[in-house]
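The values are calculated or read from the model by the stated rules, or taken from the named source; none is laboratory data. The shown structure was predicted, so the numbers you read here are calculated from the model rather than taken from an experiment. Neighbour counts are summed over all protein chains in view; Cβ atoms, including those assigned to glycine, are modelled from backbone coordinates with ideal geometry. For accessibility, only protein heavy atoms count, side chains too; no ligands or nucleic acids. Shrake-Rupley method; radii C 1.70, N 1.55, O 1.52, S 1.80 Å.
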Amino acid sequence: MAKGKRTYEEQSSDPAAQQMLIRADELGISTAFSRADDMVPCNIGGSGMCCKMCGMGPCRLTKDGQTGICGATIDTIQARNLVRAIAAGSAAHSDHGRDMAFTLKAVANGEAEGYLIRDVAKLRTVAAHYGIPIEKRSPQEIANDLADLYIGQFGQQRGEIVPVKRATKKRQELWRSLGVIPRGVDREVVEALHRTHIGDDQDAEHILSHAIRTAMADGWGGSMIATDISDILFGTPAPVLGQANLGVLKDDYVNVVVHGHEPTLSQMIVAATQDPEIIEYAQKAGAKGVNLSGICCTANEMLIRQGIPAAGNFLHQELAILTGAVEAMVVDVQCIMQALVELSKNFHTQVITTSPKVRIKGAVHIEFDEHKALTIAKQILKTAIDNYKNRGKTHIPQIKEDLVPGFSHEYINYMLGGSYRASFRPLNDAIMAGRIRGVAAIVGCNNPRSKQDYLHTYVTQELLKQDVLIVETGCGAIAAAKLGLLLGEAGLDKVGPGLKEVCETVGIPPVLHMGSCVDNTRILTVLTQMAEEGGLGDDVDQIPAVGLAPEWMSEKALAIATYCVATGAYVIFGGASPVSGMPDRVSDSDLVLNYISEGWEKQFGGKLEFVADPDEMIRRTLEHIDKKRAALGLPEWNPQRFGRSGDARMLELEELPMDMRREALYGVAAD
Ligand code: BF8
């Protein structure tokens, strides 16, 4: 081990990852973990005080009162850097949404090989939101109109993007009064880049108001469109049994790992693996079949719909290849490390790029096209199968966990009230009574600068003890899954008494996996519905709820944080702050930091803070939840009051073997 390097236990809290990090060292191969140890981050850029937006710089500001060559202050530079990051994050999510809209259009016109409209009910519901006629019309006709409407949102120049109509009335009025409703998705991203060009917008607060509008074009625009269409084409998620961690790779199968974000690719590969032609092809190659798994948000897209296992989250992408058992890592867009290709040269793994937007030198490129999706998916799988004969020795950690993902807001409605009384009433009632103290959304990335999964799982577990119901998405959800937190019966003894009672009554895990990162829009929908249900105020900012991204690293995470703030949520990010300013916090470098916290709170009721210490994250979360409870006049949280009803039935269940208990609680049998 190199001098100064963290121990394996300090690099990751996941024992499967630790095994692979040992293997990497044995082979003398670097990973993001070791590169993070070797590379000291730039503290000037990291704190938002480096301006490289023109050729006079980069201007590296290190002293209070110093300006760039053009005279730009630290505040202006920090605000510009932040809005540019938010614009990039919004662009990534929204471009994904745009491609989904084009796929919907192609499906509606019968031009997309292999795709179907799987959820006609959701298609009709979404179309009806916008006044698209649905009666006596075929799904294709409705989908055609919805696709046109959604495609139009990206290039719209004036007016308001249509999904904002799904926010509470009060929130829409607030946004209108502040002039932050996006006119069109692309327009706000372009304007963010324009405003931050040399010599443009130079008032930090004014720049930051556009950060809100840009991020809203993501959350209430591109991402919401992406989630809607994914559900319409591939099915709205409902609970399903899945597994997570590197132990899902199989020695006697061709292992294909799909990594990235867009379900158009992964869903078609799921379909192709079940094709008799592909199964026979794999068997002829000497394997039992094709074993499909996912990494990152592609993993989430396949997990929440089909229960296809997740090989891991962001920091597992290199570790999967290090097992030597992966024939192909198939990637599309976002969160794909360039290091994969160099790493794969040590093994037989083929990295296959598929998006016209993403190429990596040295990777095989098989371009995906939704018009002949199934044909291309089969070609990708045959390439992987042909590579099976080249496999050498494998080292697959025998570690995996079961999980039950798939909690779309539609399913949460259904599970709380069945087909006839579907609503959020029982959830609101449980919060009002104090059985559930509040709700936390724990989302976002892994970051090799912190111990993998530790912050996610520590914060999750501590909040569960405090009767806080947790919803999760993205890599955070996979972190919790790997620790077994997404299976109720495995963790209910570790949750607070009131929350335990609710989970047992409804038959849900205390941590609800709601999907990928674009699916954070499901959380916006849940919060809006909770506000509209009544009893928790009349808008999102009054709900006892907090959003956390303990291990964030991507620009998309900053966009998500900002649209959640605009919607009224308190958002806490762990790790480093990109606007921390001078190390000794002199006053003029605090402006941005204060503005995104207190300034935004005054306007939107939500705020963004960066808090490195997990205990402080938990303290602030509970303080905020209790403050909101008090403002609503709800009783103080008292864990002594709950936890006894229904205990007799639970004691009976506890006597049963785990698989029978799971079937009794969730209606899903173990495999
Ligand atoms: O979009 S949580 S590391 S995979 S950015 Fe990336 Fe972060 Fe994972 Fe999904 Ni989201």
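The table below lists the values:
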{"read-out": "Fraction of accessible area attributable to carbon and sulfur, the chain (%, probe 1.4 Å)", "value": "52"}
{"read-out": "Per-pair calculated FRET efficiency, R0 = 30 Å: residue 493 and residue 423 via Cβ, rounded to 0.05", "value": "0.50"}
{"read-out": "Alpha-carbon centroid distance for the pair the stretch 392-438 / the stretch 281-351, whole angstrom", "value": "27"}
{"read-out": "Rg [Å, one decimal], Dmax [Å, integer] - the stretch 1-151, C-alpha atoms", "value": "25.5, 71"}
{"read-out": "Environment charge at residue 51 (Cβ cut-off 12 Å; Lys +1, Arg +1, Asp -1, Glu -1)", "value": "+3"}
{"read-out": "C-alpha center-to-center spacing [the stretch 60-84, the stretch 113-176] in angstrom", "value": "41"}
{"read-out": "Integer Hz, Karplus 6.51/-1.76/1.60 couplings in order for the stretch 383-397, x for Gly and Pro", "value": "4, 5, 5, 4, 8, 4, 5, 8, 5, x, 6, 10, 9, 9, x"}
{"read-out": "Other-chain or far-sequence residues with amide H under 5 Å of residue 312's (modelled H)", "value": "245, 294, 296"}
{"read-out": "Formal net charge of residues neighbouring residue 533 (Cβ-Cβ distance under 12 Å; K, R +1; D, E -1)", "value": "-2"}
{"read-out": "Solution diffusion estimate, µm²/s, Stokes-Einstein, the stretch 466-605, Kirkwood Rh from C-alpha pairs, 37 °C, viscosity 0.692 mPa s", "value": "196"}
{"read-out": "Radius of gyration, Dmax [the stretch 457-537; alpha carbons; angstrom]", "value": "12.9, 36"}
{"read-out": "Mean separation of Cα contacts under 8 Å, 6 or more apart, over the residue count of the chain: relative contact order %", "value": "16"}
{"read-out": "DSSP-defined beta bridges in the chain - what % are antiparallel, rounded to 5", "value": "10"}
{"read-out": "Inter-probe distance in nm under a simple model that places probes 7 Å from Cα toward Cβ, at residue 533 and residue 125", "value": "1.4"}
{"read-out": "For the chain, calculated [θ]222 nm from helices alone, where every DSSP H run of n ≥ 4 adds -39500 (n - 2.57)", "value": "-14000 deg cm²/dmol"}
{"read-out": "Built amide H within the under 5 Å cut-off of residue 548, gap 5+", "value": "441, 442, 443, 572"}
{"read-out": "Residue-wise HN-Hα coupling along the stretch 160-168, computed from phi with Karplus coefficients 6.51, -1.76, 1.60 (Hz; x: Gly, Pro)", "value": "10, 5, 6, x, 4, 5, 8, 7, 4"}
{"read-out": "Entries in 357/556; 602/627; 607/628; 465/556; 165/607 that, when Cα-Cα distance is taken, lie over 20 Å", "value": "465/556; 165/607"}
{"read-out": "Distance between modelled label sites at residue 372 and residue 176, nm, 7 Å Cα→Cβ extension", "value": "5.0"}
{"read-out": "Lysines whose Cα lies under 22 Å from that of residue 389, excluding same-chain neighbours fewer than 8 positions away", "value": "250, 284, 288, 345, 378"}
{"read-out": "Packing-based order for 235-248, 208-221, 22-35, using average beta carbon neighbours within 10 Å, highest first", "value": "208-221, 235-248, 22-35"}
{"read-out": "Long-range HN-HN contacts of residue 350 with modeled amide H, under 5 Å", "value": "328, 329"}
{"read-out": "Positive-end residue, the chain charge dipole about Cα centroid, Cβ charges, pick of 77, 236, 565", "value": "77"}
{"read-out": "Inter-probe distance in nm under a simple model that places probes 7 Å from Cα toward Cβ, at residue 414 and residue 663", "value": "2.2"}
{"read-out": "Cα-based shape type of the stretch 38-93, given that a ≥ b ≥ c are square roots of the gyration tensor eigenvalues and the cut on a/c is 1.5", "value": "oblate"}
{"read-out": "Listed residue (198, 16, 177) projecting farthest to the positive dipole end of the chain, Cβ model", "value": "198"}
{"read-out": "Protection proxy ranking of 293-299, 468-474, 275-281, 201-207 - average other beta-carbon atoms within 10 Å, highest first", "value": "293-299, 468-474, 201-207, 275-281"}
{"read-out": "Descending principal axes extents, the stretch 250-290, alpha-carbon based, whole Å", "value": "31, 21, 10"}
{"read-out": "Average accessible area per residue (Å²) across the chain - probe 1.4 Å, nucleic acids and ligands excluded", "value": "37"}
{"read-out": "Residue-wise HN-Hα coupling along the stretch 551-564, computed from phi with Karplus coefficients 6.51, -1.76, 1.60 (Hz; x: Gly, Pro)", "value": "10, 4, 8, 9, 5, 4, 4, 5, 5, 4, 4, 6, 6, 5"}
{"read-out": "Computed over the stretch 367-452, Kirkwood Rh from alpha-carbon pairs, angstrom", "value": "19.0"}
{"read-out": "Lys, Arg +1 and Asp, Glu -1 on Cβ, resulting dipole of the chain about Cα centre, debye, nearest 20", "value": "520"}
{"read-out": "The chain: equivalent-ellipsoid semi-axes (sqrt of 5 x gyration tensor eigenvalues, Cα, Å)", "value": "34, 31, 28"}
{"read-out": "Two-decimal log10 I(q)/I(0) for the stretch 342-487, as the Debye equation yields it once each C-alpha is a single scatterer, q = 0.11, 0.14, 0.15 Å⁻¹", "value": "-0.72, -0.96, -1.01"}
